[in-house]
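Beneath this line is the structure, given in structure tokens, with notes to follow.
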Amino acid sequence: EGAPSKAAPGFVEALFDDFADSFDRKLTELEYTVPAMAGAAVDALARGRPGRPFASALDAGCGTGLAGPHLRRHVSGPLVGVDLSTKMLRIAAACTRSDGCGVQGSARDQRPLYDELLALDLETMPLPDL
């Protein structure tokens, strides 16, 4: 019968819930650059468009929100984060537009970075939930 084709959602949620508190630190130690790479891709898409060219964005598998600041600067409306791990989402929920989620800034904009954070399985969530 072999190995399952994917891990069960409960297993993934528990794994990342356990990892949540040390996630950002460990990724920094590993010189993880995926959020910055995603930001560069969004920067390239936005180049030549005035202001904040995207009306909304979905941060799929947002985790602790490390890609959020890279997305937010180009989004005029809602930024929605989706992840299976509720502990990762709690960390992302603490981020503001000028502090947290990899951003160390002034306290000038304390609005939440994400407009909505949803604990959902990306493979099974119906789009109307967004």
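The values are calculated or read from the model by the stated rules, or taken from the named source; none is laboratory data. What you see is a predicted model, and the numbers here were worked out from it, not measured in a lab. Every residue, glycine as well, gets a Cβ built from its backbone with ideal geometry; the counts of neighbours run over all protein chains shown. These area figures cover heavy atoms from the full protein model, side chains too; ligands, DNA and RNA do not enter into them. Shrake-Rupley method; radii C 1.70, N 1.55, O 1.52, S 1.80 Å.
Where both residues lie in the chain, what percent of DSSP beta bridges are antiparallel, nearest 5? Once the DSSP bridges in the chain are tallied, antiparallel ones form about 30 percent. The length gained by stretching the chain between T86 and S98 to full extension, at 0.36 nm per residue less their Cα-Cα distance, is 2.1 nm.
The label-point distance for A38 and V12, in a model that sets each label 7 Å from Cα toward Cβ, rounds to 1.4 nm. A helix-only calculation puts the chain at -11000 deg cm²/dmol for mean residue ellipticity at 222 nm, using -39500 (n - 2.57) for each DSSP H run of at least four residues, averaged over all residues.
By how many degrees, between 0 and 90 and to the nearest 10, does the Cα long axis of helix 9-29 differ from the longest principal axis of the chain? Approximately 50 degrees, to the nearest ten. Nonpolar atom fraction for region 18-68, defined as the carbon and sulfur part of the 1.4 Å probe accessible area, stands at 57 percent. Left without a cysteine partner by the 4.7 Å Cβ rule in the chain: C62. Descending by average beta-carbon neighbour count within 10 Å, the peptides 7-15, 26-34, 60-68, 72-80 line up as 60-68, 72-80, 7-15, 26-34, the highest first.
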